[in-house]
Structures are given as structure tokens and as C-alpha cells.
Ligand code: SF4
């Protein structure tokens, strides 16, 4: 059977990136790009979960914020904190700056909300441990 060759336009690859899929221990190396119609194309995945991960990571990458916040009246000067959920990757630096400017006061219980709705993301910064 004969197949027609792909047109140069359909072979076009814009913003090509390599992304390691972290959904399972296989760590597949995905190649992700936009075609001439701006559709996201992915190769290198071994399953559908990798397709979803690759597309999300390419279009809307997110990360957990994990850092420390100053604490008063506690045995240590800082307490470990994290975002309750991942936030957009391009807001991480700003989020850490805000957390570093803030301080809390003991006693703090693990999961206590220390900053609400950081950077209007609807995501809270919470304590990662208790501190009396
Ligand atoms: S593409 Fe599928 S098999 Fe490969 S790492 Fe991701 S989830 Fe695992």
C-alpha cells in the first residue's frame, strides 16, 4: 500500500520541547510540539496518561511550592510550608517572595492555613508540620 508523504506544513514543529513524564516510574521521554495548526503533538509516551501529562506540562506547567516561613515564639526561627496544591510554574518565584516576607506565630498545627489564596490562585499556603 502506498502512503502519501506528509506535506511540509504538517511536519512543521513549533516550540518543540522534551519533557520527562513523571506519572509512573518508567519516566518516558516525551517530545512535545505544536503543529502548523497549533495542535499539541506528542511522541515518546507509552500510554494515554503520558499524553495527558505531556499536554498539561507543555501548556500549563504547575509545581508545588515548598519553602519555609519565619515563625515567632517557637523553638526554631522558621517553619516548613507548602502550597496545598500545585500552582502555575511562572508564579513560583513571586509566591516564594511573598512567603519569605510573611511570618507566623506559634502554636501552629500541620495543615494550618498561613496565607490564603496566594497570588489569586485560590490556593493556600499551609504549614507542613506542627510547631508549639
Ligand atoms: S507515558 Fe505512561 S508509561 Fe510512560 S512514564 Fe508516563 S505514565 Fe508511565
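The values are calculated or read from the model by the stated rules, or taken from the named source; none is laboratory data. If you're wondering where the values come from, they're calculated on a predicted model, not measured in any experiment. So basically every Cβ, Gly included, is an ideal-geometry build from the backbone, and we count neighbours across all protein chains shown.
Results, tabulated for the structure shown:
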item	result
Test: residue 95 is assigned to a helix (DSSP H, G or I), within 16 Å of the ligand (Cβ to nearest atom) and either free of Cβ contacts under 8 Å to residues at least 40 places away in the same chain or in contact with a helix residue (DSSP H, G or I) (Cβ under 7 Å, 6 or more places away or on another chain) (or both)	no
Scope segment 28-46; condition more than 9 Å from the ligand (Cβ to nearest atom) and either in contact (Cβ under 8 Å) with a residue 24 or more places away in the chain or in a loop (DSSP other than H, G, I, E, B) (or both); matching residues	32, 35, 36, 37, 38, 39, 41
Any chance residue 87 is farther than 26 Å from residue 132 by Cβ and crowded, with 16+ Cβ neighbours inside 10 Å	yes
Exclusive hit being touching a strand residue (DSSP E or B) at 6+ places or on another chain (Cβ under 8 Å) and either buried (at least 16 other Cβ atoms within 10 Å of the Cβ) or closer than 19 Å to residue 16 by Cα (or both), set 37, 55	55
Breaking point among (1) closer than 19 Å to residue 61 by Cβ; (2) modelled with pLDDT under 95, for residue 19	(2)
Conditions (1) modelled with pLDDT of 95 or more; (2) more than 21 Å from residue 56 (Cβ to Cβ); number of the one not met by residue 85	(2)
Residue check, residue 81 surrounded by 13 or more Cβ atoms within 10 Å (Cβ to Cβ), under 30 Å from residue 14 (Cα atoms) and in contact with a strand residue (DSSP E or B) (Cβ under 8 Å, 6 or more places away or on another chain)	no
Among residues of segment 58-72, those that are in a loop (DSSP other than H, G, I, E, B) and either within 16 Å of the ligand (Cβ to nearest atom) or loosely packed, with under 15 Cβ neighbours inside 10 Å (or both), counted	3
Verdict on residue 75 being assigned by TED's automatic domain parsing to the domain that holds residue 121, in contact (Cβ under 8 Å) with a residue 24 or more places away in the chain and surrounded by 14 or more Cβ atoms within 10 Å (Cβ to Cβ)	no
